[in-house]
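Each remark here refers to the structure printed beneath this line.
No lab work stands behind these numbers, since they all come straight from the coordinates. Because the structure is predicted, anything quoted here is derived from the model rather than measured. Neighbour counts run over all protein chains shown; Cβ positions are idealised from the backbone, glycine included.
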Amino acid sequence: MKIPLYQVDAFASRVFSGNPAAVCPLASWPDDALLQAIAAENNLSETAFLVGGDGRYAIRWFTPKHEVDLCGHATLASAFVVFERMERGRRTVAFESQSGPLAVERRDDLLYLDFPSRPPQECAVSPDLVPALGLQPFAVLASRDYLVIYATEDEVRSVKPDMASLERLDRLGVIVTARGRDADFVSRFFAPAFGIPEDPVTGSAHCTLVPYWAKRLGKTRLSALQVSERGGELYCEHRGDRVAIGGRAALYLEGTIDVG
């Protein structure tokens, strides 16, 4: 079986920045074990698999260790592959996923994800969370992931988490965030239990970040920076029960997987 493979740097205007994702279009779904093996072999934070055509695709996302219910950067990368390689000239694409219908629209050189809003709520906090981060936060909320709010961008940048402790937590990942100096807010994202010690840019985390910061700042259009080592720039909009998350993408490689 030969499977096309594209590697795309998402939320990036050039290669070697943003978050790399693998995209594998398929004619039909093979066994899940093969999908997981390919994702482990790619060893990127996410590999997206697509089945479909004519602007409508089923999409699934796998980390090197697990399938996940939602992934922003690999969806952005998948739309980029559809627009640039599979259906040139198309400007919108629809995806069916475990998290319901998703869409991506091309506006000039920006791609905008239409994703569900996941506002954070008050929560019981694992006693291991704050010691694992090593820095006392302003507040802790949660949706799918913990949302840990700090007072300053410098605090977010200085966090050096104990990954072994984070791996034992009771949620998929941990978002740390604060008001930004050059953007409305900044963030970082850690999910070591899913094979992602620190994710360079995390679209799905913004399903929680955008409603939180929109409410706190009293505005619906927001600029965001994920201040990982590679870094990423996002253009966000709060739309009630949906969020728009915009960014650029750059193709790094294309080839073929031969799985025998």
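Exposed loop chymotrypsin sites (Phe, Trp or Tyr not before Pro) only (DSSP loop, at most 15 other Cβ atoms within 10 Å): please give the longest stretch of the chain free of them, not including the sites.
The reported range is 139-260.
With +1 on each Lys and Arg Cβ and -1 on each Asp and Glu Cβ, and nothing else charged, work out how big the dipole of the chain is about its Cα centre, in Debye to the nearest 20.
Values: 28 positive and 34 negative charges, 141 e Å.
Charge dipole of the chain: 680 debye, to the nearest 20.
Could you calculate the contour length gain from HIS66 to LEU253, that is, 0.36 nm times the residue separation minus the distance between their Cα atoms, to one decimal place in nm? Could you put the intermediate results ahead of the total?
On the way: separation 187, 0.36 × 187 = 67.32 nm, distance 2.39 nm.
Working it through step by step, the gained length comes to 64.9 nm.
Going 7 Å from the Cα of ASP182 in the Cα-to-Cβ direction, what parts of region 1-26 have a backbone nitrogen less than 16 Å from that spot?
Residues 12-14, 17-18 fall inside that zone.
Ignoring solvent entirely, what values of log10 I(q)/I(0) come out of the Debye formula for the chain at 0.07 Å⁻¹ when each Cα is a single scatterer?
With no solvent term, the Cα-only Debye profile gives -0.22.
Using a 7 Å offset from Cα along Cα-Cβ at ARG14, what residues in region 161-203 end up with backbone N under 20 Å from the label point?
From region 161-203, the list is 200-201.
Among the lysines, which fall within straight-line cross-link reach of LYS65, defined as a Cα-Cα distance under 19 Å, with same-chain neighbours fewer than 8 residues apart omitted?
LYS65 reaches no qualifying lysines.
If the reach is capped at under 30 angstrom between alpha carbons, list the lysines near LYS215, excluding any in the same chain fewer than eight residues apart.
Candidates past the 8-residue exclusion: LYS160.
Using DSSP, restrict attention to beta bridges with both residues in region 129-240 and report what percent are antiparallel, rounded to the nearest 5. Display every interim value, and only then the final one.
Working: 18 of 25 bridges.
That works out to approximately 70 percent antiparallel.
For a label point 7 Å from the Cα of ASP32 along Cα→C-beta, name the residues of region 66-88 whose backbone N is under 15 Å from it.
In region 66-88, the label zone of ASP32 (backbone N under 15 Å from the point 7 Å along Cα→Cβ) covers 66-70.
Can you compute the charge dipole magnitude of region 112-260 about its Cα centre, using +1 on each Lys and Arg Cβ and -1 on each Asp and Glu Cβ, nothing else charged? Give it in debye, rounded to the nearest 20. Intermediate values should be presented prior to the final figure.
Numbers: 17 positive and 20 negative charges, 111 e Å.
Charge dipole of region 112-260: 540 debye, to the nearest 20.
How big is the C-alpha Rg of region 129-240 next to the rule-of-thumb value 2.2 N^0.38 Å, as a ratio? The partial results should precede the final answer.
Details: Rg = 12.9 Å, N = 112, 2.2 N^0.38 = 13.2 Å.
Relative to the rule-of-thumb radius for its length, region 129-240 sits at 0.97.
For a quick check, take a GNM of the chain with Cα springs below 10 Å and name the residue from THR92, THR75, THR177 with the largest mean-square fluctuation.
Largest GNM mean-square fluctuation: THR92.
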